[in-house]
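Below you'll find the structure, written out as structure tokens, and then a few comments.
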Amino acid sequence: MAARVLRRHPGRTLLTVLGLAIGVGAFIAMVSFAEGARRSVVRQFETLGTNLLRVRPGSRARAEGVRPAMPLSDADVRLLRREATTLALVVPVARRTLAVTTEAGRVHRTRVDGTEPDYARIAGLRFAAGGMFDATDLGTSNRVCVLGVTVARALFGERDPLGERVRIGPALPARVVGVVAAQGRTTTGSDLDDFVLVPRTTFALFLGATEGYSSLEVRPRSAALFEAARHELTTLLRRSHGLGPAEPDDFTLWSPEDTIRAAEETSRILGALLAAIAAISLLVGGIGIMNIQLVSVSERTHEIGIRAAIGGSPAQILRQFLAEALLLALVGATAGVLLGVGSSWIVAHAMQWPPSVSWRVVALSAGFGTVVGVLFGYVPARRAARLDPIVALRRE
Amino acid sequence: MREPAPRSYRAPSTALVPAVELRGLVKTYDEGELSVPVLRGIDLCIEPGEFVSLRGPSGSGKSTLLNILGCLDRPTAGRYVLGGTDVSALTREEQAWVRLHHIGFVFQSFHLLPDATAAENVVLPLFYAGVRRAERERRARELLERVGLAHRFDHVPSRLSGGERQRVAIARALACRPRLLLADEPTGALDSRTGASILELLLDLHRRERLTIVLVTHDPGVAEAASRRIFMRDGRIEDDARA
Ligand SMILES: Nc1ncnc2c1ncn2[C@@H]1O[C@H](COP(=O)(O)OP(=O)(O)OP(=O)(O)O)[C@@H](O)[C@H]1O
Ligand SMILES: [Mg+2]
């Protein structure tokens, strides 16, 4: 019976349902977007996991009287390698942005890192062609380099770059010994394949105008030792830099964990915010149902009078109008679930995020939408039930 | 979904008590400061199986009295005993139950649901009484047959004539097998020939099924058909005559 009443005004019913559907759909979509963004960040850094610590020069604190950052030096690296018990690998990286030129004259500006063979292990590099330069290259400052695929494509197109010669900066001619397989982009869109690697010694000889290293890449002995490694690294570097107990660190530690945690925090706040906005639109949907049911009650006063006069009890009339509100709410919630899951899926697909519609969120928002619809349907239903049958009958 | 009888209501026990018993019934409407008396002390006993006509000038309180008899309204003072049970001060929930099970109502303007078919209109009380769909269907046929409208089963009211609509309304009033039928100017909206046939139907129900009927009318001819004729004026019973 409820269904027939709603079918009598299809346009009105559709609009009511749409209001709630958008609320439910928005709720699902918003929460799923936030979750999708979080998972994509986590996925990106999870591969590095608890196996990496990165030291950068410079303090996080920008307080008055902090002396200028001490560069990360060979002395630091030597001290860490000699004394640390929790660190498996310490790999320095010196960095400059330089133009790289082929013999044919093609030019590409990119990030050039001077480092050691272990960098490939610590960064988990996989090679599309050739391999990493080796200890001999490092020991004898050989003029060799490894290219990221973006650089390889920019300079050589589809040609095989292995064995080709390039000029890095003004002064370093080098032979290509490896091309690193594609790593894609970060969540924020920067290209992970736009780089050139050369031995640290070669870098120092031909490109060396940097003061110290731009970072030290450090691998703890095991995941279990991660916190201990973080602590030992800090202690040793402070000693190496001669910092007093009151002085803040003049270097900064970073790990993928930090980024994952930050991303999770951000997405939690973002998710809560979006959910709150969506919840408001859900409420608006509920108010829509209330409005339509109020109109319906006043339009159908005569009908209600008839039902009451022939013996329909107030409780039964209340139930009838609640049933209509429930039906509206259920149809709206169902449409909202389709809308929300659909748009989440499309966005996840377009952004290449992992699928992240959680059935708990779907159940929650559908349930919430239904409850809102029925709660707001209660006011008109009660009004219908309280109508005086004599007065109601007189209304045409 | 069958509604149980409200606890305070005792079903009528024997057929020996009067169908309707009114003692000092008063109804006043409050119009702000003013209170307007509409029924000024009605004493009335109607035995089971009586056919009572109620006549009187416009505004004399006939409809008001009928609404109270039908448990659609409550008296301001006085007692109303229906089938041995005092129903003067029932809750709305209880009033609805009494209306559903013991009283059939027929109105001048039919009051049918415009979107429901004749059959659906007829069995609406059965729906509220919690009767199952299959049984409702069966009863709809039976009731429409009783009022001579078996062939209009699936018609909506707008496709029925006035007389046919009133027959559907009468069938609906009979759905829960009430013992008391109240009719407020049932022929008032019909031409005299159709009105006569509706009156004939009511008389037939009265004769064959011993239904107690109270009928409000302005038509002296219609009133003549009743076995007992009451005349009201200014909220009082002026004349009460048995044939
Ligand atoms: N809800 C109300 N509030 C105030 N006064 C009312 C109300 N209902 C009825 N009345 C008054 O009560 C009086 C009796 O009304 P009632 O409808 O019972 O008359 P009636 O005898 O049925 O008249 P008619 O033959 O015209 O139908 C009228 O004067 C009417 O104005
Ligand atoms: Mg009247």
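Structure values in brief
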{"read-out": "Whether segment B:152-204 is rounded, prolate or oblate, judged on the alpha carbon gyration tensor where a/c under 1.5 counts as rounded", "value": "oblate"}
{"read-out": "Rounded tilt (10° steps) of A:256-299 against the dominant C-alpha axis of chain A", "value": "10"}
{"read-out": "Cα-based Rg of the protein assembly as shown normalised by 2.2 N^0.38 Å, two decimals", "value": "1.75"}
{"read-out": "Mean shadow area of segment A:53-254 over all directions, Cα convex hull, nm²", "value": "12.4"}
{"read-out": "Chain A: most fluctuating residue of A:Glu299, A:Glu264, A:Glu232 per GNM, C-alpha cutoff 10 Å", "value": "A:Glu299"}
{"read-out": "Extension gain, A:Arg360 back to A:His302 (0.36 nm per residue minus Cα-Cα distance, nm)", "value": "16.5 nm"}
{"read-out": "Candidates B:Leu66, B:Leu112, B:Leu160, ranked by Gaussian network fluctuation over chain B, Cα under 10 Å, top entry", "value": "B:Leu160"}
{"read-out": "Dipole in debye (nearest 20) - chain B, about Cα centre, beta carbon charges: Lys, Arg +1; Asp, Glu -1", "value": "760"}
{"read-out": "Listed residue (A:Gly157, A:Leu80, A:Val146) projecting farthest to the positive dipole end of chain A, Cβ model", "value": "A:Gly157"}
{"read-out": "Gyration tensor (alpha-carbon) shape descriptor, segment B:174-243, a/c threshold 1.5", "value": "oblate"}
{"read-out": "Å³ per residue enclosed by the Cα convex hull of segment B:20-242", "value": "128"}
{"read-out": "Column: log10 I(q)/I(0), Debye, Cα scatterers of segment B:85-144, q = 0.14, 0.17, 0.24, 0.28 Å⁻¹", "value": "-0.48, -0.68, -1.08, -1.22"}
{"read-out": "Expected 222 nm ellipticity per residue - DSSP helices of 4 or more, -39500 (n - 2.57), all of the protein assembly as shown, to 500", "value": "-15000 deg cm²/dmol"}
{"read-out": "Residue with peak Gaussian network fluctuation, chain B [Cα springs, cutoff 10 Å], from B:Leu34, B:Leu90, B:Leu190", "value": "B:Leu34"}
{"read-out": "Student exercise, segment A:53-254 dipole from Lys, Arg, Asp, Glu Cβ charges, in Debye to nearest 20", "value": "140"}
{"read-out": "Square roots of 5 times each gyration tensor eigenvalue, C-alpha, segment B:120-182, largest first, Å", "value": "18, 14, 10"}
{"read-out": "Rounded to 10°, Cα long-axis angle of helix A:74-83 versus longest principal axis of chain A", "value": "80"}
{"read-out": "Axial C-alpha extent at least 24 Å, average Kyte-Doolittle at least -0.5 - helices from chain B (DSSP)", "value": "B:192-209"}
{"read-out": "Rounded to 10°, Cα long-axis angle of helix A:10-46 versus longest principal axis of chain A", "value": "20"}
{"read-out": "Relative contact order [Cα under 8 Å, 6+ residues apart], segment A:53-254, whole percent", "value": "37"}
{"read-out": "Unit Cα scatterers, Debye sum, segment A:168-237: log10 I(q)/I(0) for q = 0.19 Å⁻¹", "value": "-1.04"}
{"read-out": "Positive-pole candidate from A:Gln320, A:Ala99, A:Leu205, dipole of chain A, charges at beta carbon", "value": "A:Gln320"}
{"read-out": "Average beta-carbon neighbours from other chains, 10 Å sphere, peptide A:310-322", "value": "6"}
{"read-out": "Simple spin-label estimate for A:Phe127 and A:Asp388 in nanometres, 7 Å along Cα-Cβ", "value": "9.5"}
{"read-out": "Taking chain A and dividing mean pair separation by its residue count, relative contact order in percent (alpha carbons under 8 Å, at least six apart)", "value": "31"}
{"read-out": "Rounded to the nearest 20 debye, dipole of chain A from Cβ charges on Lys, Arg, Asp, Glu", "value": "1180"}
{"read-out": "The protein assembly as shown - share of DSSP beta bridges that are antiparallel (%, nearest 5)", "value": "70"}
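Just so you know, all these numbers are worked out from the coordinates, no wet-lab data involved. Just so we're clear, the structure is a prediction, and the values are computed from it rather than from any experiment. Reconstructed Cβ throughout: ideal geometry from the backbone, glycine too, with neighbour counts over all protein chains shown.
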